[in-house]
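Here the structure comes first, spelled out in structure tokens, and everything after it is commentary.
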Amino acid sequence: MKKTTYLLAALLSCNMAVGQQISPYGALPSKAQVAWNDLEYYMFIHLGPNTFTNKEWGHGDEDPRVFNPSRLDARQWARTAKLAGMKGIVITAKHHDGFCLWPSKYSKHTVRESAWKNGKGDVLAELSAACKAYGLQFGVYLSPWDRNHPEYGTPTYNQVFANTLKEVLTSYGPVFEQWFDGANDGTKKQQYDWPLFHSVVHKHQPNAVIFSDVGPGCRWVGNEKGFAGTTNWSTLNVKGFSPGAGGPPAQSLNEGNEDGEQWIPAECDVSIRPGWFYSPETDNKVKSVTELLDIYYASVGRNGNLILNVPVDREGLIHPNDSTRLMELRRVLDASFKDNLVRKAVITATGTRKNNAAVKTTFLQDGNPATYWATAENVQQGTITLTFPKPVTFNRVVLQEAIALGQRVKAFSVEILENGAFKEVARETTIGHKRILRLPDYTTTVVRIQLLDAKASPVISEVQLFQAPEQVERPQIRRDKAGALSLSGAADTELRYTLDGSEPQYHSARFTAPVAFAQGGTVKAKAFLPQGKAASETATAYFDVAPAKWRIVPAPGINEAEAAKAIDGDPATVWVTKDIKTTEKHPHELIVDLGGELLLRGFSYTPPAGSDAGGVVYGYACYISQDGKSWGDPVANGQFANIRNNPVMQTVLFKAVSARFIKFVAVNPANEQENWTSVAELGVITHDRPAER
Ligand code: FUL
Ligand code: CA
């Protein structure tokens, strides 16, 4: 008897304590991490000697005087970021080449030694001031890997790096994010003193969120495409892992760990161009709005923050091709999320937590991510019903959890009322800070969000519905081995194109059948709705000569039919040495007969797009020959920097030379565990039009 009374009293008092407060669940974010998640979208800037040398990974021996962004204007960057709707800027204060964008006391390879402003400039001072003026957050990237510093590779370097960090973190005002890069090409090893580096950040910028493969503030999402997993937990297990090559498996980085011990949300880093640094060669390769929208929905729309790299050009400005695209993206996003239809709905719910003034269904539609609705303690399911006075049409669903209390939802669905019954139109897993679903248009008077499963009672802060304007999809441009060009696009669109570099108009040539295009050049194409009512963005592709007459030269261990996939004009087919069991050891080589003499100015290597094939090449050499027998010295050799994380087409130029045979040698792989070679496509460069390549 007595026991029961005690229990009852305990329950009552417990209930009362719970009255206004929902007990947090699992790993929790710090205040700074909650504020960080609210930023959602900010700019990354890569700038340094690489900007001037067409390199992705400088070697550290570059002449610092190459750095001369003569018209550098950090306010132009900040203005662009602000107008793009971004909330901050993170800059490469020091990349792998060791060059410091501020006159560091701890290095002899800095802006002070450069030609810019006669060595009197300081990019960090200019950028931090510009960010302040435009109300943007300021963040810094510092690579511990340093290919210039003489102490690198010795224990004293750790203190040098700590001093360098302190210098940056105490000289330029508040820093919202400290970006630690884990990359290293493995040639010179250094045991990093991470606890020391973290203590410097904590001491001087206690609110800075620390990025790395293992946080502790936020984590790399496991790819450089800007895509988080559709399931994405902000919690992660990091025991036994370290930044860089010792990081958690790509899947954990991409999706988090459901029961992760620490709150380490995903940050999606991606460049608006194929590379991280500016190069005139990529002026025409700025990602399209369609691609950027896919990235936005796969990052911000999947509980990740998006850090979009916009490389500053050689003048020290954001190039108009990039800023134009950023503004186009902003316009589409603003139009997509303009009018939250849920404001017109009456909201009811099941499972609602009782006797708690902090919990209300109306808080789901007040636009404030700090207010919420929740189910009763230990009730892991609930239904939120939105009833509209008149039918509404929507194609976007936005959901948010009150993450300060932990990430809880494991499964949810969206239903609409159709002909008197509920029909499921989407079923997904996690929500987190924000989840956005892109759906086809649905028209209905009742929408139901079913919270199907959660780790603890769901606490939802927002439910929103929008009708985003329709986008006309950009056409795809392809060319086959024989050089026939073809375009494809969405049904009911008319595809128009030009081959002279001009902007396609509704009266430009209409694509109906493949077009002979073996010599190559620039193709621009646009999809139009009938009568030219609306048009897609312009798709641009550049082709050199087609591999029409090329063939693989027979060699021991080479399966010619397989190897032909490297020269079939189709990057989707891949020659993989592992599958055909050639020699297990590198180097692997491939000889191509071009079918006649060509004036060669370079070659291109396209690695496989997915990560499945593996065997991406890092070290390469390229030889040419007239007869396929005598080769001489390589016409080019080196490494495809950063190809492991960013496996895009690589082009290498050499001194123009006539030849009929070309030999591509894969010296070593980007990933030491993958001791084989993959070639999606091998091409030659014969055209002298560097800006188009
Ligand atoms: C990588 C680096 O190696 C790339 O150069 C780039 O800075 C990217 C953001 O991170 O780890
Ligand atoms: Ca191929």
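Computed quantities for the displayed model
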quantity	calculated
Cα convex hull volume per residue for the stretch 434-580 (Å³)	201 Å³
Projected label distance in nm at L439 and N118, using a 7 Å step from Cα toward the beta-carbon	6.5 nm
All-pairs alpha carbon distance profile, the stretch 108-208, 5 Å steps from 0, percent	2, 12, 20, 21, 20, 15, 8, 2, 0
Theoretical FRET efficiency, 1/(1+(r/R0)^6), r = Cβ-Cβ of E418 and Q76, R0 35 Å, to 0.05	0.10
Cα centroid separation - the stretch 153-205 against the stretch 50-87, whole Å	21 Å
Span from the the stretch 277-304 Cα centroid across to the the stretch 459-500 one, whole angstrom	15 Å
Pairwise FRET efficiency - T393 versus A636, Cβ, R0 = 60 Å, nearest 0.05	0.60
Calculated SAXS-style log₁₀ I(q)/I(0) at q = 0.11, 0.13, 0.19 Å⁻¹ - the stretch 327-434, Debye, Cα scatterers	-0.40, -0.56, -1.20
Beta bridge orientation in the chain: antiparallel %, DSSP, nearest 5	75 percent
Phi-based couplings in Hz for the stretch 245-253 (Karplus 6.51, -1.76, 1.60; Gly and Pro marked x)	4, x, x, x, x, 3, 5, 5, 4
Quotient of C-alpha Rg and 2.2 N^0.38 Å, computed over the chain	1.05
Directionally averaged shadow of the stretch 173-301, computed from the convex hull of its alpha-carbon atoms, nm²	9.9 nm²
J(HN,Hα) series, the stretch 134-146, from Karplus relation 6.51 cos²θ - 1.76 cosθ + 1.60, nearest Hz, glycine and proline x	9, x, 10, 6, 10, x, 10, 9, 9, 8, x, 5, 9
Accessible area (Å², 1.4 Å probe, nearest 10) - D688	100 Å²
Within the stretch 333-433, percent of DSSP bridges classed antiparallel, to nearest 5	95 percent
Accessible surface of W179 - all protein chains present, 1.4 Å probe, nearest 10 Å²	10 Å²
Per residue convex hull volume, Cα atoms of the stretch 51-189, in Å³	111 Å³
Cα pair distances in the stretch 529-673, grouped into 10 Å bins until the bin that holds the longest one, percent each	10, 39, 34, 10, 5, 2
Distance (nanometres) between label positions extended 7 Å along Cα→Cβ at R331 and E470	1.9 nm
Estimated inter-spin distance, A516 and T156, nm [label 7 Å along Cα→Cβ]	6.9 nm
Among beta bridges that DSSP assigns inside the stretch 79-226, antiparallel share in %, nearest 5	5 percent
Reciprocal mean inverse distance between Cα atoms of the stretch 292-378 - Kirkwood radius, Å	16.7 Å
Set of lysines with alpha-carbon distance to K549 below 26 Å, sequence-local pairs under 8 removed	K481, K524, K565, K629, K655, K663
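The values are calculated or read from the model by the stated rules, or taken from the named source; none is laboratory data. Note that the structure is predicted; figures quoted are calculated from it, not measured. Here the Cβ is made from the backbone with ideal geometry for all residues, glycine too, and neighbour counts use every protein chain on show. Heavy atoms of the whole protein, side chains included, go into the accessibility calculation; ligands, DNA and RNA do not. Shrake-Rupley method; radii C 1.70, N 1.55, O 1.52, S 1.80 Å.
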